[in-house]
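The values are calculated or read from the model by the stated rules, or taken from the named source; none is laboratory data. In this text, all values refer to a predicted model and were calculated from it rather than measured experimentally. Please note: Cβ atoms are built from the backbone with ideal geometry, for glycine as well, and neighbour counts cover all protein chains shown. Calculation scope for accessible area: heavy atoms of the full protein, side chains included, ligands and nucleic acids excluded. Shrake-Rupley method; radii C 1.70, N 1.55, O 1.52, S 1.80 Å.
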Amino acid sequence: MAQGNSYGQNASNNGMADESPNMLVYRKMEDVIARMQEEKNGIPIRTVKSFLSKIPSVFSGADIVQWLLKNLNIEDQVEALHLGTLMAAHGYFFPISDHVLTLKDDGTFYRFQTPYFWPSNCWEPENTDYASSHLITVLMQTWTKELTSRGKVKVTALDITAAVDQESLARLQRAFARKWEFIFMQAEAQAKVDKKRDKIERKILDSQERAFWDVHRPVPGCVNTTEVDIKKSSRMRNPHKTRKRSLIGYAEQYMEFDPFLITPEPSNPWISDDISFWELEASKEPYAQRVKRWGFCIDEVLKDLVGREQFLKFVESEFSSENLRFWLAVLDLKKRPIREVPSRVQEIWQEFLAPGAPSAINVDSKSYDKTTQNVKDPGRYAFEDAQEHIYKLMKSDSYPRFIRSSAYQELLQAKKKGKSLTSKRLTSLVQSY
């Protein structure tokens, strides 16, 4: 993403900067960052050696913490680390060794972000920018070296899609199938411009661009500061603790369903050679534990055939079954033989999305426009965006109502009662012997 050629809206957005509710926070952080970069009283920036190469324009995490303690009258080291983490989360400086935007009070190397990419510029990057300016360009640079070493100078789109980010690239290619050639040509032009830069300058700019996308397209498990409130982003000061709590909660929730910890009923088929447990799992009559799991999350309902059936009965009783039927139709589409896909795509379109569709679903304009384009070149993933949107609607709307409904609660209580009666019968039988 060459500065100035990809995001022309930057200049026009500056006029609206003062209207942003977070702008005051940005300005305060940027004042501190500016002081950090002062030549005399700022953080010492240096070039360090690493094996046979040099790493230019870096400083350590410990340098940042010590500077904050000294220059901002902060007495608590934990508070200084927390403040530095907030700045890192917003992309004002970033680690050069990984994609996790947190501050470590050690020798980890960091680099300042160029003001061009600061949050105060009100960036609103699109997926097309991500594809042309980062994914393809970076992969092109990486694979040019690899393929040149193999005697192949020309890099093709096929070569790039075989790279590490194949899944992300394939998803974007499906979304922008009609303009993918233009996006690829734009990335190719940017790569040529980048080659003309000095090697050290190119290395710094590449890392700054990568850090920009770490803020706007963070890796899984990281806080997205463009969507999460600044107060919530403070949780990043101890992400491992947060993850530990979530893992403990998950383990506690599913403990009774783990046959290694609690003996399943009627018995463990791997030990007893009694297949009753498997027959129970395959039956259409849900038992207590099975019904209880439906209340954990919508995925537990959707992956259970009986759960889907009960969920469908519920939404049909509310005359709102079209969302679930659409979701299931798209799921089935992905399993169809390729020869059946085009006709099935048209059937789903006519039933759920076409003007005047008999079972019209409510999707946002962005998903609808993407789907409209995808249907022109039908494939298994033509409805990917619409399906994701409908999934979120069901998760936030119809699923909570289903769990709170008398139908689910009565089924849950009935199965619990049946389980207790069965347990009593087994106990009495054992005692009689």
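What's the local net charge at F277, with K and R +1, D and E -1, over the other residues with C-beta under 13 Å away? Walk me through the numbers on the way to the answer.
Numbers: positive: R290; negative: E265, D273, D274, E279, E281.
Summing Lys and Arg as +1 and Asp and Glu as -1 gives -4.
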Just subtract the alpha-carbon distance of L328 and E285 from 0.36 nm times their residue separation and send over the number in nm, one decimal.
-> 13.4 nm
Between D31 and C297, the two model label points (7 Å from Cα along the beta-carbon direction) sit apart by a distance in nm of 4.3 nm
Extended-chain gain in nm, criterion 0.36 nm per residue less alpha-carbon gap, R210 and L69 = 47.9 nm
Considering amide H positions built from the backbone, and no H for Pro or chain starts, which residues 5 or more places from F109, or on another chain, come under 5 Å of its amide H?
-> I96
Cα-projected label distance for E201 with D273, points at 7 Å along beta-carbon direction, nm = 7.8 nm
Report the calculated FRET efficiency for E181 and A360 (r = Cβ-Cβ distance, R0 = 56 Å), to the nearest 0.05.
-> 0.95
Would you mind getting me the FRET efficiency between E265 and S320? Use the beta-carbon distance for r and R0 = 41 Å, nearest 0.05.
-> 0.70
Which order do E265, E124 take by accessible area at a 1.4 Å probe, largest first?
-> E124, E265
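Give me the percent of the accessible area of the stretch 37-114 that comes from carbon and sulfur atoms, probe 1.4 Å, all protein chains in place. Write down the numbers at each step before the final one.
Working: 2040 of 4050 Å².
Within the stretch 37-114, the accessible surface is 50 percent carbon and sulfur.
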What FRET efficiency do you get for L247 and D106 if R0 is 30 Å and r is their Cβ-Cβ distance, rounded to the nearest 0.05?
-> 0.75
